Amino acid sequence: MDYTPIKKSNIDQLSVEPNLLNLQKTREAFKWEDIDRELDGLEGGGLNIAYEVLDRHVETSNKDKIALYWEGKNGETETFSFHDLSRLTNRFANVLTKLGVKKGDRVFTYMDRIPEIFICLLGALKVGGVIGPLFSAFGPDAVKDRLGDCEARVLITTPKLVPTAHEILEDLPALETIIIVNKRGRDYDLKDKEVSYEDLMKGASDEFDIEKTDKEDYAIIHYTSGTTGKPKGVVHAHQAIMGHYATAKYVLDLHPEDIYWCTADPGWVTGTSYGIFGPWSNGISQVVYEGGFGAGHWYRIIEKYKVTVWYTAPTAIRMLMKAGEKPVSKHNLTSLRYTCSVGEPLNPEAVVWGDKVVGLPFHDNWWQTETGCIQIANYPVQDIRPGSMGRPFLGVTATILDDNFEKELSPGEEGHLALKKGWPSMFRTYWNKQELYDSRFKGDWYITGDKATRDEEGYFWFVGRADDVINTGGHLVGPFEVESVLIEHPAVAEAGVIGIPDPLVMEVIKAFVSLKDGYEPSDDLIKDIKRFARKKLHALACPRKLEFLPGLPKTKSGKIMRRLLKARELGLPEGDTSTLEE
Ligand code: PRX
């Protein structure tokens, strides 16, 4: 189906004049140096993300402005001003200092979306720590792989989740302290290495001198999946705040009076870049809802908090579409003025649905954990081309390269999406994997791993991943990670994992398994293997489907040919099979 562009060039129709309006006429008008000047920096030099997102507002009329409207999964609510968060993060920074945490130490959170997650992450940045937020849905192996890889010293978690940590403690010799946040006052006896957040916070001072971090000092580590090996730690420096700030201002178009809601969890880079850093560096009030997805709940949150700018993901939008227009009609959503989406291809139908049902088309944008912030976007002042990721952000040069990563391709030609290296929020390394990091650059270009095309007007269109990485509900899953867990099951000899198309979550995970001698395929065994995987992996990374095969197709060197599994599953041509084992 051909979708006509949604005209947005008529500025009069927009309720708020876009921030970009002054800059859109000429890309040259945008300079990263100006963004640098709009941020404060530390007194006496240096840059610290926590200062830019909290403390600098305490010096202005934003001091008592609400930074966080929090609603818990049981309906409890709390609000925090910028001043509150500044003081609480100072306290937590003092707590960490007392525990001996120093600049460069890795500090991880493993919690549901409770306010303490923000206090802990930003407090840790104040001591110069490198923060690693983890999804609370991770199983023990997922936590172990991440903490172990970068030798985390501190883990902050809750009584509900700490049993997971207990299972893996022996494998984490570098982990010295576990801070238990007992927000809901459960009965819990502290164990070895454990300290109480509440007790330590009580005695801590509200004053703290932020560690003099430099723009190049490491600040954040997010683990992301690749085709081979375990997830790798994408490392960002404090300078990334320039990208978060600029894109929140110009792409999400945040204005001082906005109430903003990003539905992503801080365990995903979207939930930190745009659920913490982007909005708060701009002094914007934001809503955080601890509960999960539910069409009615989500619309209620928008209505209750009068959300104006909403940033969500295609899978969620498709689920809203599935829930139909009835729940929409029960709520007043007229506060909304601007809606955006990221994480997977956004179907043109979804863009148009938003326009029809909420009166606002979703603005798709594209980026990656590695890029730190939005790189390609549909802006408020441009026509939307439904199905396109939009155009490169100001200060970003994007192109499509040929298979040798040498020649830039012409409009309409499919190739590798690449970005000119050097933007401020570009990742600085993969933790302890410098070679892998270097391999992602060819000449001046960072190779994204995505395939795309560009049209005559400079809009980019996503084609697919260039590797085997699976995108399920906006979350990347490396097949190797899942295969490694599956073959730990006593019955499994070999496993091959692929993504198969799904109308709701883009791809679901399917595993092909061959069994060891003495085991017979059965429905019970399928259930048992799935249960086993669920205990160890993130809920999203568990195979939805599982099929037994007598043997898996392998190359002569013994590598499982996922490409062939996929072609056979989808009834596609098998392509070159010359390397297939006889
Ligand atoms: O394949 C692209 C897809 O998600 C990948 C990045 O995933 P992650 O590192 O988890 O990024 C989190 C922050 C967005 C990309 O390489 N992707 C992301 N946005 C889009 C997308 N695919 C199509 N359209 C998008 N708008």
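The values are calculated or read from the model by the stated rules, or taken from the named source; none is laboratory data. Everything quoted here is computed from the prediction, not taken from an experiment. Using ideal geometry, Cβ is built from the backbone for each residue, glycine included, and neighbour counts are taken over all protein chains shown. Calculation scope for accessible area: heavy atoms of the full protein, side chains included, ligands and nucleic acids excluded. Shrake-Rupley method; radii C 1.70, N 1.55, O 1.52, S 1.80 Å.
Inside region 174-288, counting only strands (runs of 3 or more DSSP E) that do not spill past its ends, which hold 1 or more residues that are out of contact with any Ser or Thr (no Cβ under 9 Å at 6 or more places or on another chain)?
Numbers: elements: 177-180, 194-196, 218-224, 232-237, 259-262.
Counting at least 1 such residues, we get 177-180, 194-196, 218-224.
Filter region 240-275 for residues that are within 16 Å of the chain's Cα centre (by Cα) and of a type in the set (Ser, Thr, Tyr); which is nearest to the ligand (Cβ to nearest atom)?
It comes out as Thr270.
Suppose the filter is open to solvent by 30 Å² or more (accessible area, probe 1.4 Å) and within 16 Å of the ligand (Cβ to nearest atom); does Glu349 pass it? So that I can check it myself, show each step before the final result.
Values: open to solvent by 30 Å² or more (accessible area, probe 1.4 Å): yes; within 16 Å of the ligand (Cβ to nearest atom): yes.
Considered against the rule, which asks whether it is open to solvent by 30 Å² or more (accessible area, probe 1.4 Å) and within 16 Å of the ligand (Cβ to nearest atom), Glu349 comes out as yes.
This table checks each residue for (1) touching a strand residue (DSSP E or B) at 6+ places or on another chain (Cβ under 9 Å); (2) open to solvent by less than 10 Å² (accessible area, probe 1.4 Å); (3) under 20 Å from Lys230 (Cβ atoms).
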residue	(1), (2), (3)
Ile117	yes, yes, no
Cys120	yes, yes, no
Lys126	no, yes, no
Gly129	yes, yes, no
Leu134	yes, yes, yes
Asp145	yes, no, yes
Asp149	yes, no, yes
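Residue by residue, here is whether (1) open to solvent by 30 Å² or more (accessible area, probe 1.4 Å); (2) touching a residue at least 12 places away in the same chain (Cβ under 8 Å); (3) closer than 19 Å to Ile317 by Cα; (4) within 10 Å of the ligand (Cβ to nearest atom) holds:
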{"site": "Gly354", "(1), (2), (3), (4)": "no, yes, yes, no"}
{"site": "Leu360", "(1), (2), (3), (4)": "no, yes, yes, no"}
{"site": "Asp364", "(1), (2), (3), (4)": "no, yes, yes, yes"}
{"site": "Trp367", "(1), (2), (3), (4)": "no, yes, yes, yes"}
{"site": "Gly372", "(1), (2), (3), (4)": "no, yes, no, yes"}
{"site": "Pro386", "(1), (2), (3), (4)": "no, yes, yes, no"}
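Within region 43-86, how many residues are assigned to a loop (DSSP other than H, G, I, E, B) and either β-branched (Val, Ile, Thr) or open to solvent by 20 Å² or more (accessible area, probe 1.4 Å) (or both)? Let's see the steps before the verdict.
From region 43-86, those assigned to a loop (DSSP other than H, G, I, E, B) are 43-48, 59-65, 72-76; that's our starting set.
Then keep just the ones that are either β-branched (Val, Ile, Thr) or open to solvent by 20 Å² or more (accessible area, probe 1.4 Å) (or both); that gives 43-46, 59-65, 73-76.
Adding up the residues that qualify gives 15.
Hey, among the residues in region 459-472 that are outside any strand (DSSP E or B) and open to solvent by less than 20 Å² (accessible area, probe 1.4 Å), which one's farthest from the ligand (Cβ to nearest atom)? Before the answer, list the steps.
Filtering region 459-472 for residues outside any strand (DSSP E or B) gives 459, 466-469.
After this cut, where a residue has to be open to solvent by less than 20 Å² (accessible area, probe 1.4 Å) as well, the list is 459, 469.
Working: Tyr459: 12, Val469: 7 Å.
Going through the qualifying residues, I end up with Tyr459.
Can you tell me which residue within region 441-458, out of those that are touching a strand residue (DSSP E or B) at 6+ places or on another chain (Cβ under 7 Å) and open to solvent by 40 Å² or more (accessible area, probe 1.4 Å), is nearest to the ligand (Cβ to nearest atom)?
Lys451
Looking at region 276-290, is at least one residue touching a residue at least 12 places away in the same chain (Cβ under 8 Å), open to solvent by 10 Å² or more (accessible area, probe 1.4 Å), farther than 26 Å from Leu39 by Cβ and within 16 Å of the ligand (Cβ to nearest atom)?
No; the residues of region 276-290 include none that is touching a residue at least 12 places away in the same chain (Cβ under 8 Å), open to solvent by 10 Å² or more (accessible area, probe 1.4 Å), farther than 26 Å from Leu39 by Cβ and within 16 Å of the ligand (Cβ to nearest atom).
From (1) touching a Ser or Thr at 6+ places or on another chain (Cβ under 9 Å); (2) part of a strand (DSSP E or B), pick out the condition that doesn't hold for Val107.
So Val107 meets the others, but not (1).
Hey, Asp199 hits all of (1) touching a residue at least 24 places away in the same chain (Cβ under 8 Å); (2) open to solvent by 70 Å² or more (accessible area, probe 1.4 Å) but one; which does it fall short on?
(1)
Can you name the number of the only condition in (1) touching a residue at least 60 places away in the same chain (Cβ under 8 Å); (2) more than 16 Å from the ligand (Cβ to nearest atom) that Lys306 fails?
(1)
So, in region 388-410, exactly how many residues are part of a strand (DSSP E or B) and open to solvent by 30 Å² or more (accessible area, probe 1.4 Å)?
If we filter region 388-410 for residues that are part of a strand (DSSP E or B), which is where we start, we get 390-392, 398-401, 408.
Next, only the ones that are open to solvent by 30 Å² or more (accessible area, probe 1.4 Å) stay: 391, 408.
Total meeting the criteria: 2.
Pull up region 1-20, narrow it to residues that are surrounded by 14 or more Cβ atoms within 10 Å (Cβ to Cβ) and not in a loop (DSSP other than H, G, I, E, B), then point me to the one that is modelled with the lowest pLDDT.
Looking at residues that are surrounded by 14 or more Cβ atoms within 10 Å (Cβ to Cβ) and not in a loop (DSSP other than H, G, I, E, B), I get Ile6.
Might you check whether a residue that is part of a strand (DSSP E or B) and more than 12 Å from the ligand (Cβ to nearest atom) occurs anywhere in region 477-493? First the steps, then the outcome.
Looking only at region 477-493, we keep the residues that are part of a strand (DSSP E or B), and these are 477, 492-493.
Subsequent filtering for residues that are more than 12 Å from the ligand (Cβ to nearest atom) retains 492-493.
Within region 477-493, one or more residues are part of a strand (DSSP E or B) and more than 12 Å from the ligand (Cβ to nearest atom).
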